[in-house]
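Worksheet: the structure to be examined is printed underneath.
The values are calculated or read from the model by the stated rules, or taken from the named source; none is laboratory data. None of these values were measured; they are calculated from a predicted model. Because the Cβ atoms are built from the backbone with ideal geometry, glycine has one as well, and the counts that use them run over all protein chains shown. Just the protein is used for accessible areas: all its heavy atoms, side chains included, with ligands, DNA and RNA removed. Shrake-Rupley method; radii C 1.70, N 1.55, O 1.52, S 1.80 Å.
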Amino acid sequence: MTATPAAPLSARAVLLDMDGTLVNSDAVVERCWRQWAAEQGLDGDHVMRHAHGRQGQATMALLLPDRPAALNDADNRRMLDRETSDMDGVVPVPGAAALMAALRGLPHALVTSADRGLAGARMAAAGLPMPAVRVTAECVGASKPDPEGFLKAAAELGFDPADCVAFEDSEVGIAAARAAGMRVVGVGARAAACEPTVHVPHLEPVRVAGDGTGLVLTFTARPDFP
């Protein structure tokens, strides 16, 4: 039975997370974080429950709260180098290419916890165009769930945060977008339990078009639509 699609959303701009939203990088994230977990004597499953959405050093600080920040920063640099050199299994989320094509010429930005190098490598590996406006790890002083990245992207595009719709897959990313005062399209299984404004299993049900004054996001009905 085909589900009823969600109501359309009107916006002035779209802000897009990368990992888990546009790019499926779960395979490499699992490899790198489970290796780090083993090095620290931590349970890999426990680590993976916290590894999505945050900057690496923020995840490490959460998991090892008494560890010196300098060690976390050094480990995060090594982690970024490892992730940037490992593109095995990095693919676009279904529907990502069509969504990015539809957004060409419309206000949108990338807001990611990856650094500039990793973001560029993963978007290229997935065959996706890099938005002209992007807020990467180097651009902010605080990792998601802090709203700083989303607020910076909205400001750079020139729109009020309330007029932006964010696309996110993780609990901390959805929390960051909400804290910025934005509506959220939750993408994939991780987002389902976080009560986003709209939830989609991937990006194929999403349609976006300009209406002369802004953007309209519509969501098609599909058998797998939540």
Among the numbered criteria (1) in contact (Cβ under 8 Å) with a residue 40 or more places away in the chain; (2) under 21 Å from Arg104 (Cβ atoms), which one does Gly212 miss? (1)
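Determine whether Arg122 is open to solvent by 60 Å² or more (accessible area, probe 1.4 Å), of a type in the set (Lys, Arg), touching a residue at least 40 places away in the same chain (Cβ under 8 Å) and not in a loop (DSSP other than H, G, I, E, B). Before the answer, list the steps.
On the way: open to solvent by 60 Å² or more (accessible area, probe 1.4 Å): no; of a type in the set (Lys, Arg): yes; touching a residue at least 40 places away in the same chain (Cβ under 8 Å): yes; not in a loop (DSSP other than H, G, I, E, B): yes.
Answer is no for this residue.
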With the requirement that a residue be closer than 19 Å to Asp26 by Cβ, open to solvent by 40 Å² or more (accessible area, probe 1.4 Å) and of a type in the set (A, V, I, L, M), what does the stretch 76-108 give you? Met87, Val91, Ala97
The lone exception for Ala132 - which of (1) closer than 15 Å to Leu110 by Cβ; (2) in a helix (DSSP H, G or I); (3) out of contact with any helix residue (DSSP H, G or I) (no Cβ under 6 Å at 6 or more places or on another chain) it fails: (2)
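Taking the stated definitions as given, is Gly158 open to solvent by less than 50 Å² (accessible area, probe 1.4 Å), on the phi > 0 side of the Ramachandran plot and either free of Cβ contacts under 8 Å to residues at least 12 places away in the same chain or not aliphatic (A, V, I, L, M) (or both)?
Working: open to solvent by less than 50 Å² (accessible area, probe 1.4 Å): no; on the phi > 0 side of the Ramachandran plot: yes; either free of Cβ contacts under 8 Å to residues at least 12 places away in the same chain or not aliphatic (A, V, I, L, M) (or both): yes.
So Gly158 does not fit the description; no.
With Arg54, Arg78 as the choices, which residue is modelled with pLDDT under 95 and over 30 Å from Asp160 (Cα atoms)? Break it down stepwise before answering.
Details: Arg54 fails: over 30 Å from Asp160 (Cα atoms).
From the options Arg54, Arg78, the qualifying one is Arg78.
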